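The values are calculated or read from the model by the stated rules, or taken from the named source; none is laboratory data. None of the values given here were measured: they were computed from a predicted structure. Cβ placement follows ideal geometry from the backbone for every residue including glycine, while neighbour counts extend to all protein chains displayed.
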Amino acid sequence: MDDSSLGTLSGAVVILVILSAYFSGSETAMMALNGHRLRHLADQGHGGAKRASRLLERPDRLLSVILIGNNLVNFSAGSIVTLMFISMFGEAGAALAPLACTVVFLIFAEVAPKSIAAAYPEKIALPSSYILEFLQWIGYPVVWMVNGVSNRLLGLFGITSESGTDDKFTREELRTVVHHGADIDAGPQNMLLRILDLEEVTVNDIMVPRADIVGVDINDGVVDIVGQIRSSQYTRIPVYKEDIDNVIGFLHLRDAAKFLTEHELTLAAILQATTDPYFVPENTRLHVQLFNFQQAKERVALVVDEYGDIQGIVTLEDILEEIVGEFTTDLATTNIDIHPQDDGSFLIDGSTHIRLINRSLGWNLPQDGAKTMNGLITEYLETFPESNVCCRIEDYRIEIIQIGDNMIHTAKVIAPAALQNPDESP
């Protein structure tokens, strides 16, 4: 074999190595594409993304095209190199050719192009989709035959081309994607995470408990009722007779303003401005209740247990705060029942919700059982304390400060971080 022939064959081998690198890189790039981002680009009208999406609808056909082309160029290159080595080294060349091909193809046609494709899948896969779609079209008979034989063999083992292609997220997987894989700011990211958490929280977790409901007793008389309305901090207040279980409805202060200007205010006018009460079960999930508020066009509801007894009150704003956080960042204004102390501890009202404490202070007090600080302490002690005692719950030191009426009114809580510093401990 003369030098010109060797030069021609060498050039052919270089071209085949490049083609092999293309097929290897395209395979890795196509398989490494983010399916959700690909659909987004396709919806935006990106031509390469549309073609790539069509190709990935049948990954078995796509792989057949790539592997047919890859094997064709690899075997062709191997045959040419063998002929060249036999011409140069005699019979020993037949043994040297596979070694040379392995080294060259492993580096230049496998590892290098696949590493690049894995790092930049979109930049390689989307332009390649034009060529791959064309090759799939012109090689359809061969692809159909190879694909058919392969699928029949896989069918013997119960495997189909659609097996394992479901790329839908579960809620926990979506939470992980939002938490670790989403390139968004901390604020919107936290909001998305809280939306996903709505399915785990019930209205019982965020409601204002029955003992803290502020309402109007219709038996108090007009003068007292007007005074309560004028001093109310809430937009909607429940109206009841003697007891909250005998609720009549809700009074919107916007409607109350109409009759407050009348000279002769009567109970009939108050009752006429009262709307029917809206009840919800205590175990309703927040994402369901948010939808129910929207459907019923309500903003406040009374929470009842399985016996129909009123347990508390929940508002649309309470649910929205679970998503966006408190509407103010001033701890003293937002959480009037949580009082920071100079020694690093906090004086907390016994009726304060554990979820509110954890969210406001960044703590991790257990909230699987009891909902309030009073409930958490009594649940842990398994009895009602007769005197001021201390306990430790999940590394939080809790000291009971004030007790009365079978309830812990105030507790002093020290977080683990403060306990690590002896100077800050009481």
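Brief remarks follow.
- Taking the criterion of being buried (at least 19 other Cβ atoms within 10 Å of the Cβ) and over 16 Å from GLN136 (Cα atoms), the residues of the stretch 25-59 that qualify are GLY25, THR28, ALA29, LEU33, LEU38, LEU41, ALA49.
- Residues within the stretch 336-360 that are under 19 Å from VAL201 (Cα atoms) and touching a strand residue (DSSP E or B) at 6+ places or on another chain (Cβ under 7 Å), tallied: 6
- Within the stretch 115-129, the set of residues being touching a Gly at 6+ places or on another chain (Cβ under 7 Å) and either surrounded by fewer than 18 Cβ atoms within 10 Å (Cβ to Cβ) or not assigned by TED's automatic domain parsing to the domain that holds SER64 (or both) comprises ILE116, PRO127.
- Reported count of residues in the stretch 362-371, each being closer than 19 Å to ILE323 by Cβ and of a type outside the set (S, T, N, Q), is 1.
- Whichever residue in the stretch 198-256 is hydroxyl-bearing (Ser, Thr, Tyr) and either in contact with a helix residue (DSSP H, G or I) (Cβ under 6 Å, 6 or more places away or on another chain) or closer than 23 Å to ASN292 by Cα (or both) and, among such residues, is surrounded by the most Cβ atoms within 10 Å (Cβ to Cβ): THR202
- Matching residues in the stretch 149-189 - criterion: being among the aliphatic types (A, V, I, L, M), assigned to a loop (DSSP other than H, G, I, E, B) and at pLDDT 75 or above: LEU156
- Here the condition is being buried (at least 18 other Cβ atoms within 10 Å of the Cβ), assigned by TED's automatic domain parsing to the domain that holds ALA119 and at pLDDT 85 or above; of LEU62, LEU67, it holds for LEU62 alone.
- Residue match in the stretch 1-23 (condition: buried (at least 16 other Cβ atoms within 10 Å of the Cβ) and of a type in the set (D, E, K, R)): no
- Within the stretch 272-297, considering residues that are aliphatic (A, V, I, L, M) and farther than 23 Å from ASN246 by Cα, the one surrounded by the most Cβ atoms within 10 Å (Cβ to Cβ): LEU286
- Qualifying residue in the stretch 98-114 (condition: charged (D, E, K, R), more than 18 Å from ILE18 (Cβ to Cβ) and assigned to a helix (DSSP H, G or I)): no
- Extreme residue, modelled with the lowest pLDDT, among residues of the stretch 392-405 that are over 13 Å from LEU347 (Cβ atoms) and loosely packed, with under 15 Cβ neighbours inside 10 Å: ASP405
- Selection from the stretch 211-229 of residues that are part of a helix (DSSP H, G or I) and touching a residue at least 40 places away in the same chain (Cβ under 8 Å): ALA211, ASP212, ILE218, VAL222, ILE225
- Residue in the stretch 355-373 that is assigned to a strand (DSSP E or B) and more than 30 Å from THR274 (Cα to Cα) present: yes
- Any chance ASN190 is closer than 30 Å to LEU271 by Cα and surrounded by 13 or more Cβ atoms within 10 Å (Cβ to Cβ): no
Quick grid of which residues meet (1) hydrophobic (A, V, I, L, M, F, W, C); (2) more than 46 Å from the chain's Cα centre (by Cα); (3) under 16 Å from ALA109 (Cα atoms):
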site	(1), (2), (3)
ALA12	yes, yes, yes
ALA21	yes, no, yes
GLY45	no, no, no
SER53	no, no, no
ILE68	yes, no, yes
PHE75	yes, yes, yes
PHE89	yes, yes, no
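- The residue of the stretch 1-46 that is farthest from ASN74 (Cα to Cα), among those that are of a type in the set (S, T, N, Q) and in a helix (DSSP H, G or I), is SER4.
- Residue within the stretch 113-123 that is of a type in the set (Val, Ile, Thr), touching a residue at least 60 places away in the same chain (Cβ under 8 Å) and in contact with a Ser or Thr (Cβ under 7 Å, 6 or more places away or on another chain) present: no
- Listed by position, the helices (runs of 4 or more DSSP H) enclosed by the stretch 240-307 that each have at least 1 residues that are under 39 Å from the mean Cα position of the chain (by Cα) and not assigned by TED's automatic domain parsing to the domain that holds ALA370 are 253-260, 286-296.
- Any chance VAL389 is at pLDDT 85 or above and surrounded by 15 or more Cβ atoms within 10 Å (Cβ to Cβ): no
- From ARG359, ARG299, ARG355, residue being charged (D, E, K, R) and at pLDDT 90 or above: ARG299
- With respect to the conditions (1) crowded, with 16+ Cβ neighbours inside 10 Å; (2) of a type in the set (A, V, I, L, M); (3) in contact (Cβ under 8 Å) with a residue 24 or more places away in the chain, LEU260 falls short on a single one, namely (1).
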